[in-house]
Every structure is written in structure tokens, then in C-alpha cells.
Amino acid sequence: MSGRKDFSNSEEVPPIDLHGLVRELFPINRSLTGAGVRETLAILARHVQLEVREVPSGTAVLDWQVPLEWNIRGATVRTLDGRCLVDFARNNLHVVGYSKPIHREVSRAELAQHVHTLPQQPELIPYRTGYFADDWGFCITDNLWQKMQDETYRIDIDSDLSPGSLTYGEFFLPGELSDEVLITAHICHPSLANDNLSGIAVAVALAMRQAQRQRRLGFRVLFIPATIGAITWLAHNENHLDRILHGLVLTCVGDAGRFHYKQSRSGAPIDGAMAHVLRHSGHPHEIMAFNPYGYDERQFCSPAFDLPMGCLMRSVHGTFPEYHTSADNPDFVKPEALDQSYAVVASLLDLLDANRTYVRTDGRGEPQLGRRGLYRAIAGQKEAGGATQMDLLWVLNLADGKSSLLEMADRAEISFHRIQSAARLALEANLIREVIRD
Ligand code: ZN
């Protein structure tokens, strides 16, 4: 088998400390645009060769426009005698994303119109954005807000919204074929760990991994601000989208919850591949049907693109109490969970790269196995957990020029690794040959 690669369900160790990277990126104030996104990409570029692209504000992209760039240096809420009650420097969730600058005294009643709290989770700070709102706001704990009973407060938001650019990162490794696998992670959230520093960290580690391997398929990773980033990339790459054979949005992959895989809109082959990997990983998981809510699969799977993309999560956005709050911090993200997510996607990438279709060189009847030393070969493999005689019979029967190795494995109810081992034996004995699709 050319470019021999073993598919294995063993837990592969990531090439970097994923939790360490999450902790390093956590304090940075990210948004749709701005210095925090660039700083984040600069840290990622220490690990992988990243192309950082800047798209000017005002650029028309599909039905949208690249927004003004937002930057913020600080923000506080103070009592009139100067006590600082809320400080952006302590937690960047304190300011609503894209808040316009403001420096003045406001009544408590006016401030109330601009304060967001979580009365049901009074000790947590919510995460809010107002990208297109032309407004300002603070996010604070409900406990603090209940204690703030002065008539007037001094507020300062030292921010600016001005023409600049939208920044995103793109990583690409060519393969032997022009077809490629696309992984995306959103980079527009400030200090939130599971959503989505977890996805960013796992995607970087996968890029480092793939760079060290022979690849049949190209491998592309996008680090993009959600929605507008995906729309911008799609608008600029419209002519190359047919190269994407498989795609995966990675988000919320660091918590201790079970895996959730949301299927592609079109029922693409990645759905079967991901289901196979999860089933054979032994990890608890759930497969979810496509729906038009969630992350950037909304853009990639819009009807005119309909890319073959699914979304891998552990806990699903909006269903865990830490979601979009200050409790989505590095403690909520578990090193073992990150490593497991990495290993699952690594297995998926190996499977996608190794999934081939074969046809029997002579499909009439069964070939004589003994004459070709195949019984002996199988006995040798069996001890190493490889293919069994039954696995080989499946390959020899299903090598009909139509069934992929993955389809064979699923039909035989065995792991891809075993069917791959059996196919290798059959290939070495010249009993099958690969069918190259055009
Ligand atoms: Zn989010």
C-alpha cells in the first residue's frame, strides 16, 4: 500500500501541551477584529506556518461587509469618590464586545440599560457582544450589581471603532491529490476557554501533526472570527471550494462532557467516518443531525456551498451552565479531554487519508489463500491485533470497485485499522488493486 499509514485507535499524545496553550491564550482580549486576534495568531504562528490575512473594513463579502476594527485599551466603572468597581483589566468579559468609547457620569437608571448580569448565576460574568449595535455596555456579576445602589457612576470605555481590517489565519499543507480536508476554529471570543480556545489548541496540534506526515489529501486549517470570518473566506475562495472533500468545525472540545458530532447538511462521507472513529474510540458520544444553528457550519453548509462539513463538540453550546460566562475558564477545560479530542480527530484524519476503494484483480470465485501464504500472514497479524481470516474474506468479497475500506469495515463491523490490515495483505498478494476516482 503506498504511503503506508497505520490507523489506530490508541490514544495518540499531542505534540504540544494543549492545556498550556489554552492558558496562554486565555487572557487575550479577542473580538471579531483587532489587536487581540493578531496577538493570538502570532502565538499560534510559533507552532505552525500560518498565513495571516488582513481584509480591509468595508470590503463587500457575500451579503455582508467587513466591519470596522475594534480595539480597547481599558474600561472601568467607578463611584464618584473614585472607587473602581468594575475593571476591564481584571476580566475582559466586563465590556460588551464592540462597545463604542464613552467617558462620562451616568445615573444608575441609565447604567441599568447598559448592564448585563446573570440573575440565575449571580456570581458569574456573562459574555455579550454588540457587533453592529453602535452601543456600549458592561457585563458584571449580579451580586455586584445588586450592591451598586449609588445614584450616579463614572464610566470610562477607552475603545475605538475605526477603519482597519478583519484578521484571520490560514494554514495549508498540500497533499498528493488536489483534494483536501478543511478544519476550522473560531478565534473571536475573548477570555472563554472551551468556546473556543479548546478548538484553536486542538487545531494547531493537528496542523503540527499533519506537517510531519505524508499526506494523500491536502490539509487546511482556518482560524477565523465566527460568521463574518467564514463568510469572508468563502467569498475569497469561491472558485476553489470543490477541493474540499471533507471538513470539520472544531469547537467546545475541552470540557469533560461526552463527544457530540453534528452531521453535515448533505450527509457527506465525513459523517460515516466520524461515526466510525467515535464508535471504535470507546468514548461516550452522540451523533446529531444537521441543523442551521451553531457555528460556522451555518456558512459552509449554506445551500449554494453545501460543503461536506460536520462539527465536533464535546458539550454542546448553550447546554452547559458555563457557556458564555466567566466560568468557561481554563479550569473548566480538562487536559485529558483536550488530548482525547486531539486523538479522535487525528484518527479521523488518518482514516480519511487512508480510505480507498479496491477491486479484485480477478473477482471470479475465491482465491486460494494457502498457495499465497496468506494463512501464515494472518496468523502473524492476529497476534499483533491485526486482521483475521474473516476480515480478509470481507475485503476479498467487498473489493468490488465500489465499496470503500470504511464501508467494508462498517459492514464487517470491525475497526478501520483491521480492514486496512486485511487489505494490505490482499494488496501485497496482488489479489486486489486500487480504484482511483477521477
Ligand atoms: Zn460562543
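Every read-out reported here was derived from the displayed coordinates using simple, explicitly stated rules and does not represent laboratory data. Being a predicted model, the structure only gives us computed values, none of them experimental. Cβ placement follows ideal geometry from the backbone for every residue including glycine, while neighbour counts extend to all protein chains displayed.
Points to keep in mind about this one:
- Residue 362-residue 13 pseudo-label distance in nm [points 7 Å out on the Cα-to-Cβ vector]: 4.9 nm
- Per-selection Kirkwood Rh - the range 120-249 (Cα, Å, 1 d.p.): 18.0 Å
- The chain: relative contact order as a whole-number percent, Cα under 8 Å and 6+ apart: 18 percent
- Restricting the range 328-430 to trypsin sites (Lys or Arg not before Pro) that sit in a DSSP loop and have at most 12 other Cβ atoms within 10 Å of their own Cβ leaves 364.
- Counted over the chain, the DSSP beta bridges are approximately 65% antiparallel.
- Only one residue of 91, 163, 183 has its Cα farthest out toward the positive end of the dipole of the chain, where Lys and Arg carry +1 and Asp and Glu -1 on Cβ, and that residue is 183.
- Given their separation in residues at 0.36 nm each and the Cα-Cα distance between them, residue 43 and residue 397 gain 122.4 nm when the chain is fully extended.
- Label separation (residue 158 vs residue 436): 6.2 nm, computed from points 7 Å beyond Cα along the C-beta direction.
- About its Cα centre, the dipole of the range 357-434 is roughly 260 debye, where the only charges are +1 on Lys and Arg Cβ and -1 on Asp and Glu Cβ.
- From the largest down, the range 70-162 spans 35, 30, 23 angstrom on the principal axes of its Cα atoms.
- Remark: spin-label model distance residue 133-residue 382 equals 6.7 nm, labels positioned 7 Å along the Cα→Cβ axis.
- Taking Cα centre as origin and charging only the Cβ of basic (Lys, Arg, +1) and acidic (Asp, Glu, -1) residues, the dipole magnitude of the chain rounds to 1300 debye.
- When the alpha-carbon atoms of the chain are used, the pair Rg, Dmax equals 25.4, 94 angstrom.
- Annotation: the antiparallel percentage among DSSP beta bridges lying fully within the range 70-162 is about 85.
- Trypsin sites (Lys or Arg not before Pro) within the range 21-55, DSSP loop, no more than 13 other Cβ atoms inside 10 Å: 46
- DSSP-defined beta bridges in the range 239-350 - what % are antiparallel, rounded to 5: 25 percent
- Derived from the Cα gyration tensor, the three semi-axes of the equivalent ellipsoid of the range 1-113 are 40, 22, 12 Å, largest first.
- Net length gained if the chain between residue 110 and residue 84 were fully extended (0.36 nm per residue, minus Cα distance): 7.5 nm
- Gaussian network model of the chain, springs between alpha carbon atoms under 10 Å - residue of 257, 370, 164 with greatest fluctuation: 370
- Taking every DSSP helix (H) stretch of at least 4 residues in the chain, weighting each as -39,500 (n - 2.57) and dividing the sum by the residue count yields a mean residue ellipticity at 222 nm of -8500 deg cm²/dmol.
- Dipole of the chain, positive direction: furthest Cα of 293, 210, 49, with charges on the beta-carbon: 210
- Cα-Cα separations in the range 357-434 greater than 22 Å, expressed as whole percent: 12 percent
- Sparse packing (at most 10 other Cβ atoms within 10 Å of the Cβ) combined with a DSSP loop state is found for the following GluC sites (Glu not before Pro) in the range 145-230: 151.
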